[in-house]
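Asker: First the structure, which I've put down as structure tokens, then a few questions once you've had a look.
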Amino acid sequence: MKIAALIVAAGRGSRAGPGAPKQYRDLAGEPVLRRTLRAFSTHPSIDAVLTVIHADDHAAFDDAVAGLAGLLPPVTGGDTRQASVLFGLEALEDHAPDAVLIHDAARPFVSARLIDDTIRALETHRGVMPGLPVADTLRHAHNGLAGDAVSREGLWRAQTPQGFHFPSILAAHREARRDGNTSYTDDVAVGAAAGIKVSVVPGDDDNFKITSAEDLMRATRLLAGASEYRTGQGFDVHRFGPGDHVMLCGVKVPHSHGLLGHSDADAGLHAITDAILGAIAQGDIGKHFPPSDPQWKGASSDVFLAHAARLAREAGAEVTHVDLTLICEKPKIGPHAEAMRERISDILQIGPERVSVKATTTEGLGFTGRGEGIAAQAAATLRFR
């Protein structure tokens, strides 16, 4: 299926206290919305990501997503969440997705597992909702006094992303608009009113919605207190051969020679790939892309790095910093270093401020000093939740 993600970010979030809307608040160095969008834009099964934002937030949105790839231009939302979702669905219509995952921008901890489970359920159902069974005792309260208990049997706490076959949920939202029904609390309610049967899959306690200032504190504690950092190292070498350029960090650098290798011989991206694989204990680049396999002959090395980043996300980790050193006498790296940083940040979906690219020589010593090739060494820092 061709799957789109629709991120609803048009709310004002007044319960989070004074300041910017909650989706633009800083959360451990990144806006909440950026974390949410990255979870979907880097997921291999998501083909398009569209955000619905408030009319006043275009500048804030641009700042929050700077450097993130794979996002469609945002659309302006309506006066209610329901209206905003419909505007987003109608904007996606031209992209003709088979299914759509509708997600709250203020749920930044949605996991790849939960996205996978939601998509898998759509293979057999027109609608799906992640949820958690209610465990606490529920009671009515009257004038501050505890009243009768309410049975918890069959009660679930709804979460997002809520997934639907696209034509079904678009028709359901349009029907609700025609009928003037604007009081639905989520998209499951809209779909159910139109006869869509919605399956339930297990949610995730960490996939909570940031609503209040206390929720922001909880999110900060979750990132800070439950994190483990690991570092991986990578090293790669390629010799010079015939050619008029070298590929380094995804950038074409003019040179009197090319680099020899089964792929495009990008020593920089190869070293970073091995560093990330090392941090998650997943072997090396040759294990995943063996040079004996003809399909990788001449392949662009950004495929290798993107694969390592995806494996890291599946392991519950995010790349927080990359430090690369290129070792050669020629070509000169300095004029291309910024372009290299930006390309690496695009592939990894992290800010360029988290990427370091530098170069050194060996003062004429060794094979790099003799101009026989290029070496690269990298360190990657990953944060695990």
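Asker: Kindly indicate which of 124, 182, 220, 160 is among the polar types (S, T, N, Q), closer than 30 Å to residue 383 by Cβ, surrounded by fewer than 17 Cβ atoms within 10 Å (Cβ to Cβ) and not assigned by TED's automatic domain parsing to the domain that holds residue 312.
Answerer: 220
Asker: Report whether or not residue 208 is buried (at least 17 other Cβ atoms within 10 Å of the Cβ), closer than 30 Å to residue 326 by Cα and among the aromatic types (Phe, Trp, Tyr).
Answerer: It is false that residue 208 is buried (at least 17 other Cβ atoms within 10 Å of the Cβ), closer than 30 Å to residue 326 by Cα and among the aromatic types (Phe, Trp, Tyr).
Asker: Restricting the range 152-181 to residues that are without any contact (Cβ under 8 Å) to a residue 12 or more places away in the chain and small (Gly, Ala, Ser), which is farthest from residue 193 (Cα to Cα)?
Answerer: That would be 154.
Asker: Please determine whether any residue of the range 114-121 is hydrophobic (A, V, I, L, M, F, W, C), in a loop (DSSP other than H, G, I, E, B) and assigned by TED's automatic domain parsing to the domain that holds residue 33.
Answerer: No, that holds for no residue.
Asker: In the range 206-228, which residue that is in contact with a Leu (Cβ under 7 Å, 6 or more places away or on another chain) and of a type outside the set (A, V, I, L, M, F, W, C) is modelled with the highest pLDDT?
Answerer: 207
Asker: Of the residues 100, 49, only one is in a strand (DSSP E or B), touching a Ser or Thr at 6+ places or on another chain (Cβ under 6 Å) and crowded, with 22+ Cβ neighbours inside 10 Å; which?
Answerer: Exactly one residue qualifies, and that residue is 49.
Asker: From the list 331, 291, which residue is at pLDDT 95 or above, under 24 Å from residue 239 (Cα atoms) and assigned to a loop (DSSP other than H, G, I, E, B)?
Answerer: On the way: 291 fails: at pLDDT 95 or above.
So the residue among 331, 291 that is at pLDDT 95 or above, under 24 Å from residue 239 (Cα atoms) and assigned to a loop (DSSP other than H, G, I, E, B) is 331.
Residues checked against (1) more than 27 Å from the chain's Cα centre (by Cα); (2) over 19 Å from residue 378 (Cα atoms); (3) buried (at least 17 other Cβ atoms within 10 Å of the Cβ):
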{"residue": "233", "(1), (2), (3)": "no, no, no"}
{"residue": "237", "(1), (2), (3)": "yes, no, yes"}
{"residue": "242", "(1), (2), (3)": "yes, yes, no"}
{"residue": "255", "(1), (2), (3)": "yes, yes, yes"}
{"residue": "299", "(1), (2), (3)": "no, yes, no"}
{"residue": "314", "(1), (2), (3)": "no, yes, no"}
{"residue": "322", "(1), (2), (3)": "no, no, yes"}
{"residue": "335", "(1), (2), (3)": "yes, yes, no"}
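Asker: Out of 9, 28, report the one residue that is small (Gly, Ala, Ser) and at pLDDT 95 or above. Explain how you work it out, then say what you get.
Answerer: Numbers: 28 fails: at pLDDT 95 or above.
That would be 9, the only listed residue that is small (Gly, Ala, Ser) and at pLDDT 95 or above.
Asker: Considering the range 67-97 alone, what residues qualify as being acidic (Asp, Glu) and either within 23 Å of residue 183 (Cβ to Cβ) or buried (at least 22 other Cβ atoms within 10 Å of the Cβ) (or both)?
Answerer: 79, 90
Asker: Within the range 272-283, which residues are out of contact with any strand residue (DSSP E or B) (no Cβ under 8 Å at 6 or more places or on another chain) and either in a helix (DSSP H, G or I) or in contact (Cβ under 8 Å) with a residue 12 or more places away in the chain (or both)? It would help to see each step written out before you state the result.
Answerer: The first filter runs over the range 272-283 and keeps only residues out of contact with any strand residue (DSSP E or B) (no Cβ under 8 Å at 6 or more places or on another chain), leaving 281-283.
282, the sole residue that qualifies.
The values are calculated or read from the model by the stated rules, or taken from the named source; none is laboratory data. Keep in mind that what you see is a predicted model, and the values were worked out from it rather than measured. For neighbour counting, all protein chains shown are included, and Cβ atoms are generated from backbone atoms with ideal geometry for every residue, glycine included.
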